[in-house]
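Below: the structure, in structure tokens.
The values are calculated or read from the model by the stated rules, or taken from the named source; none is laboratory data. Note that the coordinates shown come from a computational prediction; the quantities given were computed from them, not determined experimentally. With ideal geometry, Cβ positions are generated from the backbone for all residues, glycine too; neighbour counts draw on all protein chains shown. Ligands, DNA and RNA are excluded from the accessible area calculation, which covers all protein heavy atoms including side chains. Shrake-Rupley method; radii C 1.70, N 1.55, O 1.52, S 1.80 Å.
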Amino acid sequence: MKRTNWKIIYFVILLLFVPKRALAMHIMEGFLPIEWAIFWWAVSLPFLILGYRSIRSKVRENPETKMILGLSGAFVFILSALKIPSVTGSSSHPTGVGLGSILFGPLAMSVVGSIVLLFQAVLLAHGGLTTLGANAFSMAVCGPFIAYFVFKGATKLGWSFSLAVFLAAAFGDLGTYVVTSVQLALAFPSEVGGFMASFSKFAGIFALTQIPLAISEGLLTVVVMNFLKKY
Amino acid sequence: MDEHIFHIEGLTHQFADGTFALKGLSLTIQQGKKIALLGNNGAGKSTLFLHLNGLLQPTEGKIRFKGKKMKYDRKALLSLRKQVGIVFQDPDSQLFSANVQQDISFGPMNLGWDRIAVQEKVNWAMAETEVTELKDRPTHFLSLGQKKRVAIAGVLAMEPDVWLLDEPTAGLDPYFSRQIMNLLDSIHHPDKTIILSTHDVNLAYQWADEVVVMNDGKVIYQGDPVSVFHDEDVLLQAHLEKPWVFEMFQALLQSRNLAERDLFPRTKEELLQNLETEKIY
Amino acid sequence: MDEHIFHIEGLTHQFADGTFALKGLSLTIQQGKKIALLGNNGAGKSTLFLHLNGLLQPTEGKIRFKGKKMKYDRKALLSLRKQVGIVFQDPDSQLFSANVQQDISFGPMNLGWDRIAVQEKVNWAMAETEVTELKDRPTHFLSLGQKKRVAIAGVLAMEPDVWLLDEPTAGLDPYFSRQIMNLLDSIHHPDKTIILSTHDVNLAYQWADEVVVMNDGKVIYQGDPVSVFHDEDVLLQAHLEKPWVFEMFQALLQSRNLAERDLFPRTKEELLQNLETEKIY
Amino acid sequence: MLLIDKYAYFNGLKDVHPLEKMVFALSLLLFSLTVRDMAVSLITFTVMSALIIFAAKIPLSYYLKLLLLPGFFILSGTITILFSFTGKSTSISNIWWSWKIGNWQIFISDDSFGTVANLVTVVFCSISCLYFLTLTTPITVILSVLRKLKVPSLLVDLIELTYRFIFIFLDTALAIHQSQASRLGYGSFRKGIRSLGLLISSLFLGVLQRSGQLTMAMNARGYQENLSYIEDTYTYSSRNWLIAIVILGSLILINGYL
């Protein structure tokens, strides 16, 4: 019983924290040149295939897994459609793709995350189909992996649960947003200073939008974790 | 003080997808009444409730609350929602805190009262709704009847003047339904107004001072709970059945060739009493 | 062929948290009956249904289905579920496909019929439940009444011999409730058995051949739908009210000092007819 | 909520074979992305917009709103590309505009101006293709095409389940939000964060509860391993294919000439 509770808490953390990104961070349809779009598809594909395989073997063992993966995907999608009150008084959208890596492993969640990105593109018009590969790589692959390993590492070092949660979230978030900046900088290098100059510009712009949001979401997660700990 | 709690004129609500939930509805609600809102599934009853609580804004038309036009800024809404409490149909969407006591304190805490005042009010609301012994229970382990009572307690603790209840007895067995109705009777008071939407014509007939019938986004009847069931057009249009006490009384009058009369029995007990005292034979 | 569909002996179900939902329940269900399962919220009706469909396994006791002890391996369950269909109370927990036609075809496809047979059966089930014109609608655009009908169609298409329906009319207005009950009448057939759980004693009284009353995980009454309402102990224990047709008839007999009789009217129409033909005066 | 989904089921092109719409929209999208030519992009954008408004009969006001949706991304993305920074000493050719602060120079070069103009047209062209697809083709139908195309069934099942549950949770989330608002849960930032946290938590508990119920419901109907359904029937139209080929063909020709 105790064990399952921990699993659930891990699960929630990854669902909630990992890709703390405004929807505006999704690279939109048509923004990446076709060669870069294909490149990022190619980079994400191995993860998706491995993820697919891991899901397949889990579903064979236990057919109910399919249901809970579908429910998780829907849950994450809903979070991204909610309006979150922001410190600046305006409101914005939290949480793009969430990933319950621990229950199913980050690989399996990369598939669920990509499905959520797909629905964000077709139902909410955030992101796109050709840019799905790039978005999946930053939000459904890098974020979850970083958060997963940071969380595992921090728990192994015996750090407190809250600190581990915080670090996992922070680094997962930071990771995805750096990756998106890299993707854009690679596609649009500056004439002077090239990739690095362009990267600093993109990273700078996104930092402005990400920091206030991260504060709100940090607080939000404290509430959620306090609530779920009671069970 | 204006005795009109709500005065609604030409209220229209259009959803983002273009469909209409309310179509130029007009209605006046007087203070201190017990009003049953009847109508088929999809008539717009729930949408009307959301408007009365300021949770939706009219596409057209206007709503006056206690004589003043409703406004939708933060301060105005705060003051409105202090005075108008709404109990939703599905208690699962209404109970979101970890345990019963916390859930009931959600509203009072938001009113900004101090902790002692909140605790007193919560204790009182739990006692009134008979959920005191559930107070530390997690909300999602409760039975439907318990959930409904906790949901009512959460509104009761805010002491609103106007109650909006969306199908408070749906899904409950007769015992718990009666319990909820008793609770409403104990809440009722000359300066409290209760509006209750229901499919149960028997309940409406027995309980209400006034019946409002909605159909297709409009009010098609407002008046006393006896005459509405004489109006075959309204009944047909809104898919309403006659309350059985009413129907039996009509049939009895007819079978004895007696004239219709003004005073209809409203409850089973009254009907049986009529039988016993042989008034109708 | 054994005419006992289910034969249950000492069925006990304990949940993982230690609470008991069923406590040594025994019950025999005969083929071809229309059975109403009554009982207060929390009596264990839904848990019993889950057992009859093999979705839960007994903690103690055993269930025989058509004379054979129930087994829980994949093959046995598949064969059981071909013959026993269950309609859950909340259609949102039952419909998981994106559109109506697909959802209805889910069961028949799992039975391994060929596509043409499936299509025919699905078309037939949609026609019976009057959802044909909704066939390409996504599930999430349906109203509650429509969802309930689609959920029934999904079971109908599998043509089970035994139907389990958990509160099929809860939350529906009288018009849609009647539509569901008419549908059940058209399904009924001498070799089909229907078990329906409900809080609505009036519905049970009017519709059922047999009434089973549950309380606190046990069966406390099984018998015809008239005598149960003579048994004050059972009524009290299970929070049941008397159906109004029954109660009125009793009151009428009493007011005329007439003896109790065997033939009670079961519907409003029968009661009114009794009045008109003056049988009871 | 989710109006795109609603229009997908009720639009002027709903009876057109989904594969035709998919092939048409995707091939135009890929072609314009590949050539990245402003004329091709503008023509594609015009054709798609016309189809969306006149053939699919999507209200103009809603379509315009959709076009503005990615505004923030375009704005922040293009500004970032447009403006460059450099140390004062570096000399750059083709400067269109520049401004010096201290040791730094902010400038817009002719090239970056061109890049941005091209990017904006390509982006609008691409999203018009995407919108054409999403506004005219329901997810359920796309899924049945995917099944026919032998996309792994587990993947399609997952997409389908996610889609179905999105709407269940959406209703629940909206209901909880309304009930919190009615009890003054969003009166201030602090309360808002707390209320939203509670909303997310109870939604999550809902996930766990639902999964048990839905699994039972599936098993009750003989679920084995894959979700299998009968498929919808659509007929191909040679006229539609011809239109698609003519449009794509003329774009290729136009591109060749320019």
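Over the protein assembly as shown, the Kirkwood radius and the radius of gyration, each from Cα atoms, give a ratio Rg/Rh of 1.00.
Taking the charge dipole of the protein assembly as shown about its Cα centre, with +1 at Lys and Arg Cβ atoms and -1 at Asp and Glu Cβ atoms, the residue from C:Gly10, A:Pro46, B:Gly171 reaching farthest to the positive side is A:Pro46.
Applying the Karplus relation 6.51 cos²θ - 1.76 cosθ + 1.60 with θ = phi - 60° to segment C:263-273 yields 3J(HN,Hα) values of 8, 8, x, 9, 10, 3, 4, 4, 5, 5, 5 Hz, where x marks Gly and Pro. Amide H contacts of C:Val87 (H built 1.01 Å from N, in plane; Pro and chain starts excluded): C:Leu164, C:Leu165, C:Asp166 sit under 5 Å, all sequence-distant by 5 or more or on other chains.
May I ask what percent, to the nearest 5, of DSSP beta bridges between residues of the protein assembly as shown are antiparallel?
On the way: 54 of 89 bridges.
Beta bridges within the protein assembly as shown, antiparallel portion: roughly 60 percent.
Sorted by average packing, counted as other Cβ atoms within 10 angstrom per residue and highest first, what order do A:144-150, C:203-209, B:225-231 take?
In decreasing order of mean packing, A:144-150, C:203-209, B:225-231 become A:144-150, C:203-209, B:225-231.
To the nearest ten degrees, helix C:115-128 and the longest principal axis of the Cα atoms of chain C are 30 degrees apart. Working from Cα positions, state the angle (0 to 90°, nearest 10) between the long axis of helix B:100-110 and the longest principal axis of chain B. Compared with the principal axis, the helix lies near 70 degrees.
Shielding by partners for peptide D:22-33, expressed as the average number of C-beta atoms from other protein chains within 10 Å of each residue's C-beta, is 2. Using a cutoff of 8 angstrom between alpha carbon atoms and counting only pairs six or more residues apart, the relative contact order for segment D:139-227 works out to 30 percent.
What is segment D:85-238's relative contact order, in percent, from Cα pairs under 8 angstrom and six or more apart in sequence? The partial results should precede the final answer.
On the way: 65 pairs, mean separation 22.4, N = 154.
Relative contact order of segment D:85-238: 15 percent.
Annotation for A:Leu174 and C:Gln30: the two label points, set 7 Å from Cα along the Cα-Cβ direction, are 7.6 nm apart. Couplings 3J(HN,Hα) for segment A:189-196, derived from phi with the Karplus relation 6.51 cos²θ - 1.76 cosθ + 1.60 (θ = phi - 60°), are x, 6, 5, 10, x, x, 4, 4 Hz, where x marks Gly and Pro.
Give me the inter-chain shielding for B:11-20: mean count of other chain Cβ atoms within 10 Å, whole number please.
Details: counts 0, 0, 0, 0, 3, 5, 8, 5, 1, 0.
The shielding value for this peptide is 2.
Counting partner chain Cβ atoms within 10 Å of every residue's Cβ in D:138-148, what's the average? Mind showing how you got there, number by number?
Working: counts 5, 7, 10, 4, 2, 4, 3, 0, 0, 0, 0.
The per-residue average across the peptide is 3.
Just to verify a number: FRET efficiency for B:Arg261 and C:Asp185, C-beta to C-beta distance, R0 = 30 Å, to 0.05?
Working: r = 38 Å, r/R0 = 1.25.
My answer for the efficiency is 0.20.
In terms of overall dimensions, the C-alpha atoms belonging to chain B reach 65, 46, 38 Å along their principal axes, ordered largest to smallest. Counting only alpha carbon atoms, the long axis of helix C:144-156 and the longest principal axis of chain C meet at about 70°.
Would you mind working out the magnitude of the charge dipole of segment C:150-229 relative to its Cα centre, with +1 at each Lys and Arg C-beta and -1 at each Asp and Glu C-beta, to the nearest 20 Debye? Numbers along the way, then the final one.
Numbers: 3 positive and 12 negative charges, 19 e Å.
About 100 debye.
Check each of the GluC sites (Glu not before Pro) in segment B:123-195 and keep only those in coil by DSSP with at most 15 other C-beta atoms within 10 angstrom; list them in order.
Values: sites: B:Glu128, B:Glu130, B:Glu133; in loops: B:Glu130.
When the GluC sites (Glu not before Pro) of segment B:123-195 are filtered for loop state and at most 15 Cβ neighbours within 10 Å, B:Glu130 remain.
For B:Thr193, the residues whose modelled amide H falls within less than 5 Å of its own, excluding neighbours fewer than 5 places apart on the same chain, are B:Gly32, B:Val162, B:Trp163. Take each peptide in D:241-247, C:4-10, count the other Cβ atoms within 10 Å of every residue, and average; sorted highest first, the result is C:4-10, D:241-247. Most tightly packed first, judged by the mean number of other beta-carbon atoms within 10 Å of their residues, the peptides D:187-194, B:251-258 read D:187-194, B:251-258.
Assuming R0 = 41 Å, can you tell me the calculated FRET efficiency for the pair D:Phe113 and A:Ser160, based on Cβ-Cβ distance, to the nearest 0.05? Mind dumping the intermediate values first?
Details: r = 52 Å, r/R0 = 1.27.
FRET efficiency, D:Phe113 to A:Ser160: 0.20.
Karplus-derived 3J(HN,Hα) values for segment C:4-9, using 6.51 cos²θ - 1.76 cosθ + 1.60 with θ = phi - 60°, are 7, 6, 10, 9, 10, 10 Hz; glycine and proline are entered as x.
Going 7 Å from the Cα of D:Gln224 in the Cα-to-Cβ direction, what parts of segment C:83-111 have a backbone nitrogen less than 12 Å from that spot? Label zone hits: C:109-111. For the protein assembly as shown, the solvent-accessible area works out to 40 Å² per residue, with a probe of 1.4 Å and every protein chain left in place.
For segment D:139-227, with only Lys/Arg (+1) and Asp/Glu (-1) charged at the beta-carbon, what is the dipole magnitude about the Cα centre, in debye rounded to 20?
On the way: 10 positive and 4 negative charges, 50 e Å.
My answer is approximately 240 debye.
In segment C:188-214, whose amide N lies under 12 Å from the spot 7 Å out along Cα-to-Cβ of C:Asp161? List them in ranges. Label zone hits: C:191-193.
Relative contact order of segment C:4-137: what whole-number percent is it, with Cα pairs under 8 angstrom and at least 6 residues apart? Averaging sequence separation for qualifying contacts and normalising by length gives 21 percent for segment C:4-137.
When the chain is fully extended, how far beyond the present Cα-Cα distance does D:Met38 get from D:Leu253, taking 0.36 nm per residue of separation? List each step's numbers first, then the result.
Details: separation 215, 0.36 × 215 = 77.40 nm, distance 1.44 nm.
That works out to 76.0 nm of additional length.
Using equal-weight Cα scatterers in the Debye expression, the normalised intensity of chain D in log10 at q = 0.12, 0.17 Å⁻¹ is -0.97, -1.25. Under 5 Å between amide hydrogens, built in the peptide plane, is the criterion, and for C:Tyr221 it picks out C:Val213 among residues at least 5 positions away or on other chains. Over segment D:139-227, the hull volume per residue, using the convex hull of the C-alpha atoms, is 118 Å³.
About its Cα centre, how strong a charge dipole does chain B have in debye, to the nearest 20, once Lys and Arg get +1 and Asp and Glu get -1 at the Cβ?
940
Label-to-label distance for C:Thr19 and B:Arg137 is 0.7 nm, based on points extended 7 Å past Cα in the beta-carbon direction.
Only one residue of B:Gly67, B:Pro265, B:Gln30 has its Cα farthest out toward the positive end of the dipole of chain B, where Lys and Arg carry +1 and Asp and Glu -1 on Cβ, and that residue is B:Gly67.
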